Amino acid sequence: MEQLLDYKVEVDFAPMYECVSSMTAFLSKQNHTAMDSGKLWVRDVQARFAPMLLRKMQEVVKKLDDFSLAPYIWCCPGERSVEGFLEWFDGLSSGELYEISGRFGQSVPSNLAELRDTAADILREWNAGYFSGIDPNIIKGLEQEAESRRAMLSGNNDMEVFEAATAGMRLYPTEHLKQVIINPQYHARPLVTTAMYDEFVFTSYSCDVLPPEAGRPAPALLRLTRALSDETRLYILRLLTGKQLNFTEIVREVGLSKSTIHYHLIALRAAGLVIVHTNVRNASYSLRLEALNGLPQQIGAYLES
């Protein structure tokens, strides 16, 4: 049997990634409950935009459902601030747009140039109404995280660095996969989002770049204790001890609806308590014990701080 070649991991960051991530997090209603920022942040941001513009943004996101900007941001040769990227993006000819999409094996829609124009317009609105005014320490912290994560790559530990960054996503080599680009994100915490192509994978991983308020627990400790405080989640962890189960098997064993199990797995993944074994096409889950290392000490340190 032919041995599969290991993929290479590249750590990338640019403000444009976070601009897209923040807008997607805001407009993805199905994820609001799972996000650390939650519905309070959503309501605060909603107040900054006219209702008509909000409706337009929702309509645009539906149109762009299968259109990922990550490959374009990665390919951008110049400044990748919001303004710098969009100036380059606007200047691409139809042929150049198709060439980049084709490189990543994206399904290329016939109206690609129109989608580009629509995406650029709405991102400018988002930047003007929200993103340009975010705490600059968010971007600074994400840049520092990318530098730190990049320094961990030694040339033969790409799979391990990917798993550590994503708190438990174990991506196995495939026949075609060559490169994995990871970038830290803040607004969508604790979610990990991935766009997969034949030879490339783009993954945005969660990063707590701002310190908690004085006297409040660190977000990672809060996610861990919340995940462990539910009977169903503890039962799922017990099922996953010493073996791998796919989503259908977990649903069958627990006896609850798919949506409920999905919700519980999000919480367990956010806490780093499960390993997601994936080869791009299929996924299964197992217990990630290292997330529990030092938990008593973490709680003790917080209580005594």
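No value in this document is a laboratory result; all are computed from the given coordinates. What you see is a predicted model; the values in this text were computed from it and never measured. All Cβ positions, glycine included, derive from the backbone under ideal geometry; neighbour counts span all protein chains shown.
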| query | Put a dot 7 Å past each Cα toward the Cβ at residue 64 and residue 238; how far apart are the dots in nm? | reply | 4.6 nm
| said: No solvent, one uniform scatterer per C-alpha: report log10 I(q)/I(0) for the range 164-207 via the Debye equation at q = 0.32 1/Å, two decimals. | reply: -1.18
| query | Using the eigenvalues of the Cα gyration tensor, what equivalent ellipsoid semi-axes result for the chain when each is taken as the square root of five times the eigenvalue, whole Å, largest first? | reply | 32, 25, 20
| request: Just the Kirkwood number for the range 1-138, please: inverse of mean 1/r across all distinct Cα pairs, in Å, one decimal. | output: 16.5 Å
| Radius 11 Å from Cβ of residue 111, net charge of other residues (Lys, Arg +1; Asp, Glu -1) | 0
| task | Mind checking which lysines have their Cα closer than 29 Å to the Cα of residue 258? Skip sequence neighbours fewer than 8 apart in that chain. | result | 29, 39, 62, 63, 243
| field | Volume of the Cα convex hull of the range 242-302, divided per residue and given in Å³ | value | 110 Å³
| remark: Of the convex hull enclosing the alpha-carbon atoms of the range 124-245, the direction-averaged projected area in nm² is 11.0 nm²
| What is the projected area of the convex hull of the Cα atoms of the range 108-182, averaged over all directions, in nm²? | 7.9 nm²
| task | Return the loop-located trypsin sites (Lys or Arg not before Pro) in the range 1-71 (DSSP other than H, G, I, E, B) with at most 14 other Cβ atoms within 10 Å of their own Cβ; answer none if there are none. | result | 48
| message | Binning at 5 angstrom from zero up to the longest distance, how are the C-alpha pair distances of the range 77-148 distributed in percent? | response | 3, 13, 19, 20, 17, 14, 11, 3, 0
| query | Summing Lys, Arg as +1 and Asp, Glu as -1, what charge do residues with Cβ under 14 Å from the Cβ of residue 155 carry, residue 155 excluded? | reply | -2
| field | Cβ-based charge dipole, the chain, positive-most Cα from 27, 98, 254 | value | 254
| Inter-label distance for residue 111 and residue 199, nm, one decimal - labels placed 7 Å from Cα along Cα-to-Cβ | 3.0 nm
